[in-house]
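Single-structure report; data block below.
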Amino acid sequence: MVQKGDLGTVQLVHAEYVQDWLTTNIEKTGQKQAAWRTDPARSGVGGAVGDIGTHAYNLACFVSGLDAESIAADLSSFVKGRKLDDNVHVMLRYANGARGMIWATQVAPGNENRLLLRVHGTKAGLEWQQEDPNYLWFKPFGQPKQLITRGGAGASAAAGRVTRVPPGHPEGYLEGFANIYKEAAAAILAARSGKKPDKAVTFPTVQDGVMGVAFVDACVRSSNRNAAWVKL
């Protein structure tokens with residue numbers, strides 16, 4: 001829908017990934033998942049920003065089709081004694097003049113895996129969240145907003161190509177991994193045959209990973225300079 005111009009020119013992008021499981025210092029109790037994520041020797045310079053902030057950033061870039069040029073980030077560690085950030089607020093400036101925001105936290109009680117995306121353009125907006133993944137809100141300016149269901153009326157052929165079960169049956173997180181594997185396999189088989197994969201085939205590349213690392217690095221540099229604007 002973004003590529004077709006249904007939103008017009010994208011101007012605003014907002015993504016958030018909100019959890020609560022690190023609200024207390026459970027890394028001190030021997031909880032292995034918490035222990036390595038809060039240890040800079042094992043996870044690097046980024047805490048929440050590297051663990052879940054990168055997911056929000058990748059989703060925002062992928063759906064909007066925009067690349068951020070510069071960011072201003074404020075990384076915080078609210079749990080006493082924690083060496084890495086458990087909360088991050090980021091502002092983004094895109095090449096086309098659009099503006100964005102990312103909030104990633106693991107210390108917001110009452111949230112499990114709230115990954116949410118909003119994209120607004122000159123004509124309309126989109127809203128989607130992972131915890132209710134079968135529904136997409138399309139909000140054209142001056143008109144009633146529309147609820148588009150996975151596999152239902154209004155869903156595009158591109159979405160239908162990676163839809164696995166009939167509408168009304170929950171589908172989401174695990175099937176998302178299966179779609180990535182299927183798309184990568186299609187590209188590998190095409191390459192082995194000396195062909196190019198169908199242009200609809202889409203999967204994360206090494207470049208996406210590099211972008212994620214660059215994002216974490218920029219956020220840490222910005223936060224160390226009192227949330228100053230830095231280039232990616």
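The values are calculated or read from the model by the stated rules, or taken from the named source; none is laboratory data. The shown structure was predicted, so the numbers you read here are calculated from the model rather than taken from an experiment. Here Cβ is always computed from backbone atoms with ideal geometry, including for glycine, and neighbour counts include all displayed protein chains.
Restricting attention to segment 27-42, does a residue exist that is over 16 Å from residue 108 (Cβ atoms), surrounded by fewer than 15 Cβ atoms within 10 Å (Cβ to Cβ), modelled with pLDDT of 95 or more and in contact with a helix residue (DSSP H, G or I) (Cβ under 7 Å, 6 or more places away or on another chain)?
Checking segment 27-42: at least one residue is over 16 Å from residue 108 (Cβ atoms), surrounded by fewer than 15 Cβ atoms within 10 Å (Cβ to Cβ), modelled with pLDDT of 95 or more and in contact with a helix residue (DSSP H, G or I) (Cβ under 7 Å, 6 or more places away or on another chain).
Just name the residue that is nearest to residue 83 (Cα to Cα) out of those in segment 1-35 that are among the charged types (D, E, K, R) and under 18 Å from the mean Cα position of the chain (by Cα).
20
Would you please list the contacts, defined by Cβ atoms under 8 Å and residues six or more apart or on different chains, that run from a residue in segment 109-138 that is without any contact (Cβ under 8 Å) to a residue 60 or more places away in the chain and within 30 Å of residue 24 (Cβ to Cβ) to a residue that is surrounded by fewer than 17 Cβ atoms within 10 Å (Cβ to Cβ) and of a type outside the set (Lys, Arg)?
Hits for this filter: 130/113; 130/172; 130/173; 131/112; 131/113; 133/172; 133/173.
Exactly one of (1) out of contact with any strand residue (DSSP E or B) (no Cβ under 7 Å at 6 or more places or on another chain); (2) modelled with pLDDT of 95 or more is unmet by residue 171. Its number?
(2)
Would you confirm whether any residue within segment 154-161 is among the basic types (Lys, Arg) and modelled with pLDDT of 95 or more?
For segment 154-161, residues among the basic types (Lys, Arg) and modelled with pLDDT of 95 or more: absent.
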